[in-house]
1. Is one or more of the residues making up the range 17-32 open to solvent by 70 Å² or more (accessible area, probe 1.4 Å), under 27 Å from A114 (Cα atoms) and acidic (D, E)?
2. Having 3 or more residues that are open to solvent by 30 Å² or more (accessible area, probe 1.4 Å) and not hydrophobic (A, V, I, L, M, F, W, C) is the bar; report the strands (runs of 3 or more DSSP E) wholly within the range 71-186 that clear it.
3. Can you confirm whether A196 is over 25 Å from I266 (Cα atoms), assigned to a helix (DSSP H, G or I) and over 29 Å from the mean Cα position of the chain (by Cα)?
4. Just name the residue that is farthest from the chain's Cα centre (by Cα) out of those in the range 246-265 that are open to solvent by 60 Å² or more (accessible area, probe 1.4 Å) and of a type in the set (A, V, I, L, M, F, W, C).
5. Among the residues of the range 187-245 satisfying the criterion of being open to solvent by 20 Å² or more (accessible area, probe 1.4 Å) and touching a Cys at 6+ places or on another chain (Cβ under 9 Å), which is modelled with the lowest pLDDT?
6. I need the full set of residues from the range 196-234 which are touching a residue at least 24 places away in the same chain (Cβ under 8 Å) and among the aromatic types (F, W, Y), in order please.
7. Only residues that are in a helix (DSSP H, G or I) and open to solvent by less than 30 Å² (accessible area, probe 1.4 Å): list them for the range 59-70, please.
8. With the checklist (1) under 30 Å from the mean Cα position of the chain (by Cα); (2) at pLDDT below 95; (3) over 18 Å from I266 (Cα atoms) in hand, flag the one item R140 doesn't pass.
Amino acid sequence: MLAAIHIRQIHTGPNTMTCAVLATDTDVTLFTREGKDDADRYQAGLDAFAALYERARDTSARLHISDADLRRALKSVSDSFPAVESVDTPFGPLGTLLQHASDAIGAHVAALLAEEEARREAAHAALPPLVVATDASKARNLHGTGLGCISETGARRMHMVPEARSILEGELLAIEMATTKFSDRDLHILTDSRLAIACLEGTYQGRPGISAVVDRIHRSIKGRAVQFSWVRGHDGHPLNEAAHRLAVAARRCYDANASHAVAEEIARNIVASLDESRSATA
């Protein structure tokens, strides 16, 4: 009998384990152990070896073990296992068996990843759309636009785009920023720009550069449920006001050449004031 044992330690999502595969002339058998330290590696390999030895008692086996440490350890006590001959180099058919063992572990890992992806998709589907407000701020007679977005959970981002040529482009860029920041959720995006929504719905095109931003937004939300709603700006809507303040802060920090630390502190204060206003109205 010819046989090969291959061992691999893996970490996929919540799964941390050691896999050992015994491949023979007739079949392939997988053995797993939770954990991935040296003891787990040895034990998984010994599980596979024990299974082989049970089958080789009435015959004999030539075996290659890919793990050099385990191979040496078993060779040192080879007198206890006379039915198994250890082979250091997997030439010819032994190399083929070793590849079969490796492929079996690869298939097992792929199955684990598929299960984890299915769990993530199920968890994602169970979540309601995340509400996110976006806004842009552009000073008169100055180039560039500040962008802001903030979710109902307080996650936020602010960014300055010096090359933005219009407030409409800025509003769309803020929406794009939200769709990329919250890329793993269905979204309900609030904006105070009717024109931005019209661009996304295809009822308004604007300047040539606008269509490029719209196309990127459509690509970023493909496969997700994303709703766009208009809210009246500067009308006391807490999320809209916070998004507006973030956009203004992005522009002013850029103009003042403020450090990243200062900009982050301003953003944290904006989120904190949003929390305070919510508490006051609760």
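1. no
2. 156-161
3. yes
4. A256
5. Ranking the candidates gives G206 first.
6. Hits for the range 196-234 are F228, W230.
7. Selection gives L70 alone.
8. If we test R140 against (1) under 30 Å from the mean Cα position of the chain (by Cα); (2) at pLDDT below 95; (3) over 18 Å from I266 (Cα atoms), just (1) comes out false.
The values are calculated or read from the model by the stated rules, or taken from the named source; none is laboratory data. From a predicted model like this one, the values you see are computed outputs, not experimental measurements. We place every Cβ from the backbone using ideal geometry, glycine too, and count neighbours over all the protein chains shown. For accessibility, only protein heavy atoms count, side chains too; no ligands or nucleic acids. Shrake-Rupley method; radii C 1.70, N 1.55, O 1.52, S 1.80 Å.
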